[in-house]
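To keep things clear, I will list the structure first and then write my remarks on it.
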Amino acid sequence: MKDTVIKTDKLTKRFGDFIAANEISFEVYRGEIFGFLGANGAGKTTAMRMLCGLSAPSSGKAIIAGFDVYKQTEMIKRNIGYMSQKFSLYDDLTVLENIHFFGGIYGLTDKQLEMKSKALIERLGLQQEAKKLVASLPLGWKQKLSFSVAVLHDPKIVFLDEPTGGVDPVTRRQFWDLIYDAADRGVTVFVTTHYMDEAEYCHRISIMVDGRIEALDTPKGLKQAFQVQSMDEVFYTLARGAKRGD
Amino acid sequence: MRTIRFLLQKEFRQIFRNKIILAMIIVMPAIQLMILPLAADYEVKNINIAIVDNDRSTYSQRLISTITASGYFRLTGYNGSFKEAFQLMEQDDADLILEVPSGFEKNLIREDEQKMFIAVNAINGVKANLGGSYLSSIVKNFNKDIRLDLMPAKGVLQTPTIEIVSTNWFNNLLNYRVFMVPGILAILITMIGGFLSCLNIVKEKEVGTIEQINVTPIKKYNFILGKLIPFWVLGNVVFTIGLLISWLIYGIIPIGNIGVLYAFIAVYLLSVLGFGLLISTFCETQQQAMFIMFFFMMVFILLGGLFTSIDSMPMWAQAISKLNPVSYLISVMRMVILKGSSMKDILPHLGITFVFALVLNVLAVINYKKTS
């Protein structure tokens, strides 16, 4: 049987009259790479922030890693990792200091911290940069670092909000290697993206239009349903009807 | 507890890494404390006086030289008519006009009585007030001297025989620096603590790092403590430097127990930092936080009792100053440093400041929201 780690039921977020996320319902299973697609302004980030316990929903239900999104936000936070759209590690700390800090507040022991940071730095090939300020790293490396920090404490689910925006194709490829690695370790990956080639890498994807989920299936299933050759075309067909966006 | 360790490690690393801010925290108050007390005192000197001498007699000359020799006045006009002297006042070249009427000497000797006229430029209220009263007392003394000159033989003087001799306790030379330095130090501590703490969390909001913190299972009070403790330590460092400067430059050694002073500062810093953090949790940008803090700082400082005595403020202002932590600090600083007050004397101040600290920090923890 599939093990459900995210389950939402008519989850809604209103900001005054504006409905950013409108009755979204879906399920995500353990170990899955779930692509969360949508045009700018479709409500992806809002939805993701609700799932992470950063933003309280206006109505609807959601269970994340077995915990209720209204009452047990702190338990949810213990079990997830999050990488926001905006780079949010400390620029004025070194690579190693950032790893130690975030590992430390997730409650890793000193021994674990030492082992994990060593492994992480080797995996990313950052041996030369370990003691340099994060501010001095190129964007691609920063993104890989923040992903690695987000999964340092072995969360059940990791939420990635446009993790590869502005990153070159080679680094993007490497970034996806990291994602696959994490998925192999049983981490569920919930990722938003604008790149349709990345959408193809996902096990299942949902496409949001104007705050609603308009399609949800495997990439192959979606292409068949819309009778098109590529994810690009699926996306255009759906997003063309969007009324909002920037 | 482990979480606190990691938070403190991070905060201290960030503080020590930003050398410019660190220098500003330490050096700026030191320089201000070295310079400001030299200029900020209540004593009024260099009062410009214009004298209209209609008598031009020995006595009027003697009066004028007494006035100019006092050291407080600068003779900027020696005019033939009041109109000329008034022109000087209009041009702001004279703060006071003393008019000596004609027949001054004659009346003094024969009639035993003479009226004189002082006109005061009241635009600068303090200067006008003090200048006027300095001048009156000089004239009074002059009058007494003349009585002695004129009636040396009689033995009975007609000047009042009751004289009040006052002694100034706790600051017997009325040294303004002794009075001002502890007050200025109090304000510097408040500013450093208030601004550092109010900008810090907001900065994390602006940069976006707070998001990464909010998505961790960190406890809210841990986060606030992690911000509070580093600034508390810095505040104590600045305070210690301030005490050293007061001792080395102004020779001020607290008469009371220095431990009492530190005990109060410990609690006081918590209240100021808590206030800063509370503002920080309300604001979205450093600019907002800065302006709000600035607003409160102005109120705190002007109603804090450093420049003007709280006892002579209107009732509503006195009521506000009851809620002003700065007024308690300034008062405790002066009590302990100048008067040698003990823990028992400052206990009410300490109690109220403790309540401020508790309330403000609890509010900061409550108002810091990990979920919006």
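The values are calculated or read from the model by the stated rules, or taken from the named source; none is laboratory data. Bear in mind the structure is a predicted one, so any value in this text is a computation, not a measurement. Counting neighbours? That spans all protein chains shown, and the Cβs are built from the backbone with ideal geometry, glycine included. Heads up: the accessible areas ignore ligands, DNA and RNA and are worked out on the full protein's heavy atoms, side chains in. Shrake-Rupley method; radii C 1.70, N 1.55, O 1.52, S 1.80 Å.
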TODO: Run B:Lys205 past the list (1) within 14 Å of chain A (Cβ to nearest Cβ); (2) farther than 29 Å from B:Met298 by Cβ and report the number of the one that doesn't hold.
DONE: (2)
Open item on the list: What are the pairs with Cβ atoms under 6 angstrom where one residue, in region A:101-122, is more than 14 Å from chain B (Cβ to nearest Cβ) and the other, located anywhere, is in a helix (DSSP H, G or I)? Sequence gap at least six, or different chains.
Closed with: A:Leu120/A:Ser148
Open item on the list: Between A:Phe87, A:Phe101, which is among the aromatic types (Phe, Trp, Tyr) and assigned to a helix (DSSP H, G or I)?
Closed with: A:Phe101
- [ ] Only residues that are surrounded by fewer than 23 Cβ atoms within 10 Å (Cβ to Cβ) and in contact with a strand residue (DSSP E or B) (Cβ under 6 Å, 6 or more places away or on another chain): list them for region A:63-75, please.
- [x] A:Ile63, A:Ala65, A:Met75
Open item on the list: Going by what's in this entry, would B:Asn48 be described as touching a Lys or Arg at 6+ places or on another chain (Cβ under 6 Å) and either over 30 Å from B:Ser309 (Cβ atoms) or at pLDDT 80 or above (or both)?
Closed with: yes
Open item on the list: I'd like to know if region B:327-340 contains one or more residues that are within 14 Å of another protein chain (Cβ to nearest Cβ), open to solvent by 40 Å² or more (accessible area, probe 1.4 Å) and out of contact with any Leu (no Cβ under 9 Å at 6 or more places or on another chain).
Closed with: no
Task: Tally of residues being facing chain A (nearest Cβ under 10 Å), open to solvent by less than 10 Å² (accessible area, probe 1.4 Å) and assigned to a helix (DSSP H, G or I) across region B:213-237 - done: 3
Task: Matching option when the condition is over 13 Å from the mean Cα position of the chain (by Cα) and farther than 27 Å from A:Gly43 by Cβ, among A:Leu222, A:Leu145, A:Leu216 - done: A:Leu145
- [ ] Sort out which residues of region A:12-23 are out of contact with any helix residue (DSSP H, G or I) (no Cβ under 6 Å at 6 or more places or on another chain) and outside any loop (DSSP other than H, G, I, E, B), and write them in order of number.
- [x] A:Thr12, A:Arg14, A:Phe15, A:Phe18, A:Ile19, A:Asn22, A:Glu23
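At least 2 residues that are away from chain A (no Cβ under 14 Å) in each: list the helices (runs of 4 or more DSSP H) lying fully within region B:1-99 that qualify.
In region B:1-99, the matching helices (runs of 4 or more DSSP H) lie at B:19-39, B:58-69, B:82-90.
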TODO: Among the numbered conditions (1) closer than 28 Å to A:Val28 by Cα; (2) within 8 Å of another protein chain (Cβ to nearest Cβ); (3) in contact with a strand residue (DSSP E or B) (Cβ under 8 Å, 6 or more places away or on another chain), tell me where A:His153 comes up short.
DONE: (2)
- [ ] Say whether the condition of being of a type in the set (Gly, Ala, Ser), touching a helix residue (DSSP H, G or I) at 6+ places or on another chain (Cβ under 8 Å) and facing another protein chain (nearest Cβ under 7 Å) is met by at least one residue in region A:77-90.
- [x] yes
Open item on the list: Please count how many residues of region A:163-193 are without any contact (Cβ under 8 Å) to a residue 40 or more places away in the chain and either on the phi > 0 side of the Ramachandran plot or in a loop (DSSP other than H, G, I, E, B) (or both).
Closed with: 5
- [ ] Kindly establish whether A:Lys61 is outside any strand (DSSP E or B), more than 10 Å from chain B (Cβ to nearest Cβ) and over 16 Å from the mean Cα position of the chain (by Cα).
- [x] no
Task: B:Gln287 being free of Cβ contacts under 8 Å to residues at least 60 places away in the same chain, under 25 Å from B:Arg334 (Cβ atoms), assigned to a helix (DSSP H, G or I) and open to solvent by 10 Å² or more (accessible area, probe 1.4 Å) - done: no
- [ ] Quick one: A:Thr73 ticks every box in (1) in contact (Cβ under 8 Å) with a residue 60 or more places away in the chain; (2) at the interface with chain B (Cβ under 8 Å from one of its Cβ atoms) except a single one, so which number is it?
- [x] (1)
TODO: Please list, ordered by first then second residue, the pairs with beta carbon atoms under 9 Å, 6 or more apart or interchain, first in region A:223-242 and farther than 18 Å from A:Gly211 by Cα, second surrounded by 15 or more Cβ atoms within 10 Å (Cβ to Cβ) and among the basic types (Lys, Arg).
DONE: A:Gln229/A:Lys223; A:Ser230/A:Lys223; A:Met231/A:Lys223; A:Glu233/A:Lys223
TODO: Taking only region A:233-246 into account, find how many residues are open to solvent by 70 Å² or more (accessible area, probe 1.4 Å) and under 17 Å from A:Tyr195 (Cβ atoms).
DONE: 2
